[in-house]
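The values are calculated or read from the model by the stated rules, or taken from the named source; none is laboratory data. Treat the numbers as computed from the prediction; the structure is a model and nothing was measured. Neighbour counts run over all protein chains shown; Cβ positions are idealised from the backbone, glycine included.
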């Protein structure tokens, strides 16, 4: 990998991490096109993922500051309630990460897929098509819900009802969105697209789901990056010689800043887009790219 590959892949990671088009899928596509995939670029993946987490922290710094400040106050408050919901959303990804992640990575590695299907991007293409379907269905469901007449209550609403209505997301909704995040470990299945679409399907308001979707991933990605770094260091220490294909320092630096800057742009953009526009455009894009990933490798043989 050279610095130009690092620049392009870093931009792809930064944009695709927040836009509902799958960063893992696009990184896989980019690495296949540049022929730079494989275990030797594990460190690069860790670095660019850390860069996008850092951009999330920068964009939501005020909200995070408020959550941390409220968490250390006495008694229960809305900040603690929100953080507890984030913890609830992390349960599914924790289970998958501890029990299934290595198996999923081996099963859906491009070399393994290519060996059995002749197309290293087949799974990525299928998952991008699923992402497209999920985005379209969530927008259709949201439009249908908004078209339904609001129920008029004959009695006075209780304090608990009003409190539940004002909550940006409920505990059961947080858990369901967390399940969507855990399922999105498959390459090509967009994490942000899956969590935002699932949030909309379980009737979380658009104004709330984008922020929750991006905040809920901070700890899992940092944890995954830390574990992957330990794995990379262990493999490096067991290696007798340095492989010439290993990622050098320059692509790591260029990739980090490219992912960070493009991540800042994409994160702010996505928060506004979810609130104001439909996600169908991203769905059509995922469908086209997914179809190309499925068909082109066979056509170009």
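Per-residue answers, yes or no, for (1) at pLDDT 90 or above; (2) surrounded by fewer than 19 Cβ atoms within 10 Å (Cβ to Cβ); (3) within 29 Å of residue 168 (Cα to Cα):
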| site | (1), (2), (3) |
| --- | --- |
| 242 | no, yes, no |
| 245 | no, yes, no |
| 253 | yes, yes, no |
| 273 | no, no, yes |
| 276 | no, yes, yes |
| 289 | yes, no, no |
| 296 | yes, yes, no |
| 301 | no, yes, no |
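If I filter segment 224-234 for residues that are under 22 Å from the mean Cα position of the chain (by Cα), at pLDDT 90 or above and at negative phi, do I get at least one hit?
So far as segment 224-234 goes, no, none of its residues is under 22 Å from the mean Cα position of the chain (by Cα), at pLDDT 90 or above and at negative phi.
Please indicate, with yes or no, whether at least one residue in segment 190-203 is at pLDDT below 85, closer than 22 Å to residue 173 by Cβ and surrounded by fewer than 18 Cβ atoms within 10 Å (Cβ to Cβ).
As a first pass, look at segment 190-203 and keep what is at pLDDT below 85: none.
Among the residues of segment 190-203, not one is at pLDDT below 85, closer than 22 Å to residue 173 by Cβ and surrounded by fewer than 18 Cβ atoms within 10 Å (Cβ to Cβ), which makes the answer no.
Scan segment 73-132 for residues that are free of Cβ contacts under 8 Å to residues at least 12 places away in the same chain and at positive phi and jot them down.
75
May I ask you to verify whether residue 110 is modelled with pLDDT of 75 or more and under 27 Å from residue 204 (Cα atoms)?
Details: modelled with pLDDT of 75 or more: yes; under 27 Å from residue 204 (Cα atoms): no.
Considered against the rule, which asks whether it is modelled with pLDDT of 75 or more and under 27 Å from residue 204 (Cα atoms), residue 110 comes out as no.
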